[in-house]
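**Student:** Once you've had a glance at the structure underneath, I'll fire off some questions.
Each value in this text was obtained by applying a stated rule to the coordinates, not by laboratory testing. All values reported here derive from a predicted model rather than from experimental measurement. Cβ atoms come from the backbone with ideal geometry, glycine included; neighbour counts cover every protein chain shown.
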Amino acid sequence: MVRSRSQQLFVRNLGGGRQPDDLVVEEPMTIQLDGHDVSSTMRTPGHDFELAVGFLLAEGLISGGEVAGIRYCGTGSPVDSEFNVVTVETGGQVDAPTARMGTISSSCGICGIDAIETLTERLRVLPRYEPWDLDLLIAGPDLMRKAQPLFDATGAVHAAAAMNRAGDILVVREDIGRHNAVDKVVGRMVMDDLIPTGSDGGDSDYALMVSGRASFEMVQKAWAAGFTALVAVSGPSSLAVSTARRAGLTVLGFARDGQAKIYSPLEIVDGPTR
């Protein structure tokens, strides 16, 4: 089923008359794991299965090989839940999750020191990898921007993309929530067996592009999925940088117009300037 991701309404332009305008759709979605409610997030409808898988993986609740099935609504008709409940099934391979049922807004996915520590303590330092071509990473956001039709229509969504070392953009996803866009990318790659990741982190050597800032959450999700580079159009937070350096994750910020700042790892930051 293809659902509308934008809605056209009439607005009044301060400089003129009444005219149509496309607005991005925002609706709640509940994520279930083996019949247990896990979380509820505000998202842009579309690629909902990917969002659920990516979220659960980032939370450390599943690994790539444990997903046995995904469907809308685990207790009744998808129509009854308006396609806003997604159930991921593992056949009982994982422990019952602890619910985080407070609604996650489209701008923030986690909060609290306990949540931050829980999300990173299970992850191991990324395996050693070949240094990335920095020019290739800097070009990534521009390549992603060319594949953002919903942003072109509404101007109100974020995007995330996965890129390989050949400079190919493998998948691009858009959503009103920054974290949702990343979860959709990760979920798609898990479902396509491109990320053979487990609960202790992955080993996939892709770069993750994000259209906004490099917050702690973006670093944590990239680390959990095994990305070895994170490139953001805006800047990072101090917690994001310290977490990336602990992970061994390459992080670039302010990647635009052929320029960027390098924040991690330290061997690159402290190395010779370009």
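**Student:** Using label points projected 7 Å from each Cα along Cα→Cβ, tell me how many nm separate Asp152 and Asp135, to one decimal.
**Tutor:** Label at Asp152, label at Asp135, 2.8 nm between them.
**Student:** Based on the Kirkwood radius over alpha-carbon pairs, what value in µm²/s does the Stokes-Einstein equation return for the translational diffusion coefficient of the range 139-198 at 4 °C and 1.567 mPa s?
**Tutor:** Reported coefficient: 109 µm²/s.
**Student:** Right, something else. Give me the extension gain from Asp205 to Met191: residue separation times 0.36 nm, minus the current Cα-Cα distance, reported in nm with one decimal.
**Tutor:** Separation in residues times 0.36 nm, less the Cα-Cα distance, equals 3.4 nm.
**Student:** Continuing with this model, one more query. Once you treat every alpha carbon in the range 134-269 as an equal point and sum by Debye, what is log10 I(q)/I(0) at q = 0.11, 0.15, 0.21 Å⁻¹?
**Tutor:** With one equal scatterer per Cα and no solvent, log10 I(q)/I(0) is -0.32, -0.62, -1.28.
**Student:** Additional query: Using a simple spin-label model with points 7 Å from Cα along the Cα→Cβ vector, what separation in nm is obtained for Asp270 and Asp37?
**Tutor:** 4.9
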